[in-house]
Structures are given as structure tokens and as C-alpha cells.
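Each reported figure results from applying straightforward, stated rules to the coordinates on display, with no laboratory input. Predicted model, so just to flag it, every value in this text is computed and none were measured. Backbone-built Cβ (ideal geometry, glycine too); neighbour counts: all protein chains shown.
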Amino acid sequence: MDAVQQAEPRSQTAATQDFEAVIVGAGMSGMYQLIRLRELGMRVRVLEAGTGVGGTWYWNRYPGARFDSESYSYQFSFSDELLREWDWSEHFAGQPETLRYLNHVADKFDLRRDIEFKSRIVSAHWSEATRNWTIATEDGRRYTARFLLTALGPLSAPTMPNIPGVESFQGESCHTAHWPHEPVSFEGKRVAVIGTGATGVQTIQEVAKTAKHLTVFQRTPNWCAPLLNARIGKEEMERIRAGYPEMWQRCLETFSCFLHTPEPRKTFEVSAEEREAFWEKLYASPGFGIWVGNFSDILTNREANAAISDFVARKIRQRVKDPKIAEKLIPKNHGFGTRRVPLETKYYEVYNQDNVTLVDINETPIERITPAGIKTSDAEYEFDMIIYATGFDAITGSFDRIDIQGTDGTKLKDRWKGGPKTFLGVMVDGFPNMLMLMGPHMALGNIPRSIEHNVDWVTDLLRYAQSHNLTRLEAAPEAVREWTDHVLSLGDGLLTFEVNSWMTGVNSNVEGKQVRIINRYAGSAPAYRARCDEVAAKGYEGILQA
Ligand code: NA7
């Protein structure tokens, strides 16, 4: 189907194709931006590395991949018709359903005719003389565009572990973000999973159901909490649909656009009994409530953070039969919620199964991957399959992988050494007419809510450029300085920024990414939107216009 409907790429020898805007990426941001730019009557082309739409939900097909946000709060909200016709089957939908949904959106809005698939971008260079970008794909196609819109995704540059011998393994192996499109069976197989982040946790609990034996190689345990997913029947779906207007309003008002928002009280403002009862209730409630709907100080007050960490540690000890394994599964180097909380379905109980072994690689480090399996400091394991749930070069990684050059050939990668610098997370001085969707310095809460705001704001800016005959938009250096300083100041005092994780830009497998940085906006979504509105109301103050 895609092959028939998608935009026709020209042959490699064909002349450079020119568009008013090129959008890089056909995930949720790119799809929605395409819809909006068509409304401006712009000639737009979307260039997408995959063979289909969906971005994150296209690539991450690993077993057990699913939403940790409520399905209905995560979907697009811009079309009433779409909202009326799409039913969710579960409160937290699995990846296949989400990808079906995004394909439905692509069909409904006839998006594929403007998308070229199998088009991985390797470079984008600005030309001051022509006021446009020249964009090249890895197979040599070239495009020019007045506006370059990056819809790359904050978690789209997968990283393999820097363990020697990865290439030598003779069995099946795969990074979770490159999972095959065909079904993969674990039956009768000895399977290894390396990595215990949100992805590893979802994978492990699924693989453990059928593998002959599963061995989990854990470097850092994470604080996981119950997802408590459930199916949605027809009547319940209608009830949920009837509540959409209130739900969208709530998402607009909460701190990070989730249905959950911090409890205004502080941890020690209530009695010990009340605190315990509140936490019991959160632990027994579906979704991110225990993380983002908890007492307002759990991520700023060390004692409060220690108290909630102790509560969750007790839960882990109750659920894991072997006390030694339970201790290995309890994080010791960071408190609850300071890293992304993986949501789980009987994850801890997996370690009570006879077919599952946990290897703490701090005690017995992995020395190498061998043709037959994995060699640690004290044993050699044989596997039929190794699954790498080793994460992403997050937030700036997908930009770093493209040679982006602005005025005077300045490379974005160099400009962002030591951390990204942006205006509103959307623009960078020295890179005119480059507009970032969900780029660095954006809030990462319920992402589609931020995407819709981000895309609408960028669309309004381009409408303004059209009506004022502007062909060059560039963030003023002082506006970038001011916004970047603001983003950095919002990180002050947050325990999250004291911990190594993708949320602080640390990736042990990528050279130069061992130092923590502040790469995302930690303020509230309403405050972010207010600042964007203010900039627009003042005629896009902070943006040099020509
Ligand atoms: P994460 O959360 O970055 O997790 C990656 C995991 O892989 C984590 O447990 C890492 O341990 C582990 N890892 C990475 N490199 C190695 C090496 N070299 N050796 C051993 N273990 C390693 O990525 P996810 O894909 O799980 O989740 C990303 C986000 O996607 C998630 O938060 C959701 O928002 C969606 P470490 O913790 O670094 O010690």
C-alpha cells in the first residue's frame, strides 16, 4: 500500500527537488506538521527513514511495547471526526494498536502522497545567498527548502552497548528499536536481555512468558511501578469519549500535560498514616500517578524522596521471593522518580520464575559478547538470542547524526557542545529557517500534547512569515542566551538533574556524553505555552525577521 501511495522519489541522478518546507521525520510531530502546513498552501515534502509512518511507534516493535500514558490522552486532539471514529481497546494500548491508529491518521488525511519513505537525511546545509536549506539523503537525493522542520523525535537514535565482540555473536540479536517486522518467537530459546530501562522492563516481562530461559543483565535497576492496564469495553469507550472536552482541558492545565498532576501538599505535611495510605492508593492506581501525581516535593526534597523510595522498596521486597534478588532490584544510586519510572505488569514476579536469572553486572561485569553468548567476569553464558534494550542517544543524538550546518558553515553539533542552546526549544541562532519540533529544551511530558502545541505555534509563525513576506527567520543570539539560561535555572534544585540518565543527556555508549547536562525544559507546560504566546503576541519578539 505504501509503495503505491507514497510520494515518488526521483532517481538519484535527478535534479534537486525544491520545496517551501521539508519536514524530517514522519512520526507524530511530522505527520501533524504536514497537515498544518498544507493548510498554509505550502509545497511540503516529508522525508522519513522508515518504510511507514509512526516514528517511535513504527520503530519500537519489541515484545511488550506499549503506552505508559492513557491511550485516549495520548492521541491527537485536533480533529473531532478522528476522535469520534477511533476506539481504544485498552487504557494503555500496545504498540500494534498505536501504529494502526497512526496509519489510520495517515490514511484519513491522505498524508503519504507528501511523504518519501526510506529517506534517511545525512546533511542539511544553509545557504545565505539563496536563503534556503540543501538537504541530502544517504542514497544521494538532494532537496532544497526555504524552511527545514526537524521532527526527529527525542528518543530516536538507538545506541548499542560499547561491549567488545557485539558483532561476533552467531545467534539472533537485535536492538529493541530495530525490532523486525515479522513475529519473533522465544519458545524453546535461551534469551539474554541487556538493559533494564522502560524498554527492558516491558521486554523482559513479555519474553519471560515463553522463553526456555531468560537471563537479564542489569547494570542499574530502576524504580518501577504497576501499570494496571485494563481493556476498554464499548460502553466505557463511549463514556471516555463523552468526557474528551474535560480531559483536554485537564491536560492543558496539568504540569506536564498528563491526566495526573502533583498533589499540592508536601510529603511531611500529612501524618505518617495518611502518607502511607496515599501511597498505597497511588501504587494501586493505573499509570503515572505515583510519579507525577505524588506529593509536590518528592523530586526536590531529599527526605521526601527517601521516604517514597523506601515505600517502593518495601513493595519490591514483598513481591520478590528471594531477598538477595530483591535487593539487587532496588536502586541504590538514585531515588524514586529521579529517572523515568518504568511502568510494569508483574515485572518483579518474573524474578520468582525458574526460567529467569538476574545477573548484576556491577558484581560480575560483562567482558565481551562471544560467538556463543556473553562472557562475564565469572561465567560464560550461551544464548540463542541477545536483545539489546540499551536505549538511545537522547534528545540531541538524532541531531548529532545529521551534518547540520548553519551560517558560515557552523555545525550544530559544535554549537551545542556542552549542551543545547535554543530559543523556546524551537530555533537556534546561526541556523536560520530551521524550526525544531520536540527539539531540546522542550518539556517531555505527555508528548502528543506538547507536539500539538509546538506544531501549532510553528505553523502560526510560518503564517506570519507568509503574510509579512518574510523569507528569513533567525533567533536573536540574546534571545537564545536568555531562554537557555532560563531552562538551566529551572533545573536548579531538581534531584532528577543529579542523576545519570538519558534525561540528563548521559549515555555511556556515546563518546562525549558522560557529563550531565540540562537538555529539557523542566518548568510547567502552561508556563511554557504562556511564554510562547507572549513571544507571538509581541510580533515574534526574539526572532530576527527579514
Ligand atoms: P534507557 O532508559 O536509557 O535504558 C537503557 C538501559 O540499558 C539501562 O538499563 C542501561 O543501564 C542499559 N545499558 C546501556 N548501555 C549498557 C552497557 N554498555 N552495558 C550494560 N547495560 C547498558 O532506555 P529505554 O529504551 O529503556 O528507555 C528510553 C525511554 O523510551 C524511556 O524512558 C521511555 O520514555 C521511552 P544504565 O541505566 O545506563 O546503567
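Observations on the structure shown:
- Across all C-alpha atoms in the range 441-484, the radius of gyration and Dmax reach 13.0, 35 Å.
- Taking the range 266-299 and a reference point 7 angstrom along Cα→Cβ of Ala230, the backbone N atoms nearer than 11 Å belong to 285-286.
- Ratio of Rg to Rh for the range 259-319: 0.93 [Cα atoms; Kirkwood radius as inverse mean 1/r over pairs].
- For Thr357, the amide hydrogen comes within under 5 Å of the amide hydrogens of Leu214, Thr215, Val216, counting only partners 5 or more places away or on other chains and with H modelled in the peptide plane.
- P(r) tail fraction, the range 59-124 - alpha-carbon pairs more than 20 Å apart, %: 40 percent
- Pairs of alpha carbons in the chain whose separation is greater than 39 Å (percent): 26 percent
- For the Cα trace of the range 111-269, dividing Rg by the Kirkwood Rh returns an Rg/Rh value of 1.06.
- Stretching Gln249 away from Arg265 to a fully extended chain increases their span by 3.5 nm, per 0.36 nm per residue minus the current alpha-carbon distance.
- Stretching Ala372 away from Glu182 to a fully extended chain increases their span by 66.0 nm, per 0.36 nm per residue minus the current alpha-carbon distance.
- q = 0.11, 0.23 Å⁻¹, the range 115-185: log10 I(q)/I(0) [Debye, one scatterer per Cα]: -0.48, -1.12
- Each DSSP beta bridge with both residues in the range 360-455 is either parallel or antiparallel, and the antiparallel ones are about 100%.
- Scattering from the range 40-156 was approximated by placing one identical point on each alpha carbon and applying the Debye formula without solvent; log10 I(q)/I(0) at 0.11, 0.21 1/Å stands at -0.47, -1.23.
- Ascending count of other beta-carbon atoms within 10 Å, so fewest first, for Cys174, Cys532, Cys257: Cys174, Cys532, Cys257
- Between 0 and 90°, nearest 10: helix 447-467 axis offset from the chain longest Cα axis: 10 degrees
- Ala7 versus Lys281: modelled label distance in nm, points set 7 Å from Cα along the beta carbon direction: 5.1 nm
- Projected label points at Asp87 and Arg219, each 7 Å from Cα along the beta carbon direction, are separated by 4.5 nanometres.
- Comparing Cα centroids, the range 275-341 and the range 503-544 end up 28 angstrom apart.
- log₁₀ of I(q)/I(0) at q = 0.12 Å⁻¹ - the range 322-427, Debye sum with one point per alpha carbon: -0.73
- Rounded to the nearest Hz, the phi-derived 3J(HN,Hα) couplings of the range 268-278 under the Karplus curve 6.51 cos²θ - 1.76 cosθ + 1.60 (θ = phi - 60°) are 9, 7, 10, 5, 4, 5, 5, 4, 4, 5, 5, where x marks glycine and proline.
- Size-normalised alpha-carbon gyration radius of the range 256-357, reference 2.2 N^0.38 Å: 1.11
- Cα-based helix-to-principal-axis angle, 525-537 vs the chain, degrees rounded to 10: 10 degrees
- The DSSP beta bridges internal to the chain are antiparallel in roughly 40% of cases.
- Ranked by how many other beta carbons lie within 10 Å on average, peptides 268-274, 238-244, 399-405, 52-58 from highest: 52-58, 399-405, 238-244, 268-274
- Over all other residues within a Cβ to Cβ distance under 13 Å of Glu182, the charged ones net out to 0, with Lys and Arg as +1 and Asp and Glu as -1.
- Candidates per trypsin sites (Lys or Arg not before Pro) in the range 337-398, loop by DSSP, up to 14 other Cβ within 10 Å: Lys346
- Cα-Cα over 31 Å, subset of Lys321/Lys375; Lys321/Lys513; Lys108/Lys234; Lys209/Lys513; Lys209/Lys328; Lys328/Lys375: Lys321/Lys513; Lys209/Lys513
- With the simple model of a label 7 Å out from the Cα in the direction of the Cβ, His486 to Phe109 spans 2.7 nm.
- Estimated FRET transfer efficiency when R0 is 60 angstrom, pair Lys212-Arg142 (beta carbons, to 0.05): 0.75
- Since only Thr56, Ile115, Phe76 are under comparison, the one whose Cα sits farthest along the positive direction of the charge dipole of the range 42-163, derived from C-beta charges on Lys, Arg, Asp and Glu, is Ile115.
- The range 357-502: translational diffusion in µm²/s, Stokes-Einstein, Kirkwood Rh over Cα pairs, 10 °C, 1.306 mPa s: 84 µm²/s
- The range 202-252, Cα convex hull volume normalised per residue, Å³: 126 Å³
- Per-pair calculated FRET efficiency, R0 = 30 Å: Glu167 and Val122 via Cβ, rounded to 0.05: 0.85
- Alpha-carbon gyration tensor eigenvalues x 5, square-rooted, for the range 435-524, Å: 29, 15, 13
- Cα long-axis angle, helix 302-319 against the chain (0 to 90 degrees, to the nearest 10): 60 degrees
- The GluC sites (Glu not before Pro) of the range 306-373 that DSSP puts in a loop, and whose beta carbon has at most 13 other beta carbons within 10 Å, are Glu363.
- Overall dimensions of the range 302-346 as given by Cα atoms, namely Rg and Dmax in Å: 10.7, 29
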